[in-house]
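What follows is one structure encoded as structure tokens, with my remarks underneath.
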Amino acid sequence: MYQPRIGDPLDALDTPSMIIDLSLMENNITSLMQRFRDEGTHVRPHLKTVKSVELAHQLLVAGAIGGCVAKVSEAEVMAQGGIEDLLITTEIVGTPKLARLVALVQKYPHIKVVVDSLIGAQVLNEAMQQAQLTINVLIDLNVGQNRCGVMPGEEALTLAHALSEMKQLHLVGVQGYEGHLQHVHDQGERAQRCRQAMEALTTTAAALRAAGFPIEIVTTGGTGTAETCANYTGVTEVQPGSFIFMDTDYRNALGPCYANALTVLTTVISRPTPTRAVIDAGLKSLSIDSGMPEPKGVPGVIYLPGGDEHGILTWEEREGNPPLEVGDRIEMIPSHIDTTVNLHDYYYAYRDGQLEAIWPVDARGKVQ
Ligand SMILES: Cc1ncc(COP(=O)(O)O)c(C=O)c1O
């Protein structure tokens, strides 16, 4: 059986496989870190994109101050892998999860978590009290996404006052993630609406400080907005995740500021008609929640899902049809990077066409 070995050419790899172009990925990391170093804002990348301990370490080496994770199970993987300054950006609710969080904080005291309700804070406080632990918490604000979060202003102040009665919880910051703006195509509109969200976030942080709460962390931003956020006075850190690999959804919205550094390598397994080729990558290899992935380097060819294991490439009949034959290999650019990465066990990392590293997607399937 073929086992990929370091130094192998790309042609040797089995498909479908998730491959990284290392030069492009490294450029994405360097250019993002450079931007925020100039702004003086910390970068706490969202590790729910990469789900990889190795890549999390590379981001730290490049200048990140820690990481964000979405789930306790992701936090477990990252903390055990040596990434200890973690912010869990989702509210943690329910007995089993709280027990896991307590066990984690016992070992890794720098883990922080967001709260947005009195009940949620109370059960977190009780769980920590039973274990005689404290945890740093951030108030999650709704700055327009209408997902989780208390409203900026009064609601946040009310929750902060309630938190001050809960001895195991130390309020250290606020989070306000403007997820609804990440893919707004018009750059001016995206920036303008983002500044409104930052105004709500930073004025609430200031009001909390004025009321005596020690708000050190004001955290926000994704790949689409991080620059505007970082420019806004009062924001202390940004949380972009997708920039490292990008996807077609982000590329279409932002243009070429970061490169598409990850693709899924596939093989043409059938050529039934002059305008159709079938590849070995369907819904189990490529997500379609943000639209269709794109075949790389064959303009005019579109992808349609052909079921769990098959993908259909199709095109208008014309002179010089794409020269796709059975056995040809074609790279697919994901439309949504996070949900595609979560479908694969390994990253195969290439430089100049040669395999340089194989990294597990350590937190694959960690959804709890
Ligand atoms: C709370 C939070 N912060 C940051 C991000 C990172 O966003 P992106 O991967 O779009 O850069 C996300 C993504 O969903 C998120 O939910």
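Details
- The listed residue being closer than 25 Å to K51 by Cβ and assigned by TED's automatic domain parsing to the domain that holds G188, out of A230, A211, A207: A230
- Residues that are surrounded by fewer than 18 Cβ atoms within 10 Å (Cβ to Cβ) number at least 3 in the following strands (runs of 3 or more DSSP E) confined to segment 278-366: 302-305, 354-360.
- Cross-chain or 6+ apart pairs with Cβ under 6 Å, segment 298-313 first and assigned by TED's automatic domain parsing to the domain that holds T275, then of a type in the set (D, E, K, R) and at pLDDT 95 or above: D308/K284
- Hey, A162 modelled with pLDDT of 95 or more, away from the ligand (no atom under 16 Å from the Cβ) and more than 18 Å from I88 (Cα to Cα) or not: yes
- In segment 258-277, the residue that is nearest to T340 (Cα to Cα) out of those that are outside any strand (DSSP E or B) and free of Cβ contacts under 8 Å to residues at least 60 places away in the same chain is T275.
- Yes/no for L169 being within 25 Å of E126 (Cβ to Cβ), surrounded by fewer than 22 Cβ atoms within 10 Å (Cβ to Cβ) and more than 22 Å from the chain's Cα centre (by Cα): no
- Residues in segment 179-193 that are within 12 Å of the ligand (Cβ to nearest atom) and out of contact with any helix residue (DSSP H, G or I) (no Cβ under 8 Å at 6 or more places or on another chain) were compared, and the one that is farthest from C229 (Cα to Cα) is H180.
- Subset of segment 216-226 [β-branched (V, I, T) and near the ligand (Cβ under 9 Å from one of its atoms)]: T219, T220, T223, T225
- Failed item in (1) farther than 25 Å from V77 by Cα; (2) in contact with a Ser or Thr (Cβ under 9 Å, 6 or more places away or on another chain), with P323 passing the rest: (2)
- So F213, is it among the aromatic types (F, W, Y) and more than 16 Å from the ligand (Cβ to nearest atom): yes
- Hits in segment 1-56 - residues which are open to solvent by 50 Å² or more (accessible area, probe 1.4 Å) and polar (S, T, N, Q): Q3, N27, T30, Q34
- Test: residue in segment 4-19 that is assigned to a helix (DSSP H, G or I) and basic (K, R): no
- Residue in segment 132-144 that is farthest from the chain's Cα centre (by Cα), counting only those that are in a loop (DSSP other than H, G, I, E, B) and surrounded by 16 or more Cβ atoms within 10 Å (Cβ to Cβ): T134
- Selection from segment 232-248 of residues that are in contact (Cβ under 8 Å) with a residue 60 or more places away in the chain and either out of contact with any Lys or Arg (no Cβ under 9 Å at 6 or more places or on another chain) or near the ligand (Cβ under 7 Å from one of its atoms) (or both): V235, T236, Q239, P240, G241, S242, F243, I244, F245, M246, D247, T248
The values are calculated or read from the model by the stated rules, or taken from the named source; none is laboratory data. None of the values given here were measured: they were computed from a predicted structure. So basically every Cβ, Gly included, is an ideal-geometry build from the backbone, and we count neighbours across all protein chains shown. Each accessible area value is taken on the protein alone, full model and side chains, heavy atoms only, with ligands, DNA and RNA left out. Shrake-Rupley method; radii C 1.70, N 1.55, O 1.52, S 1.80 Å.
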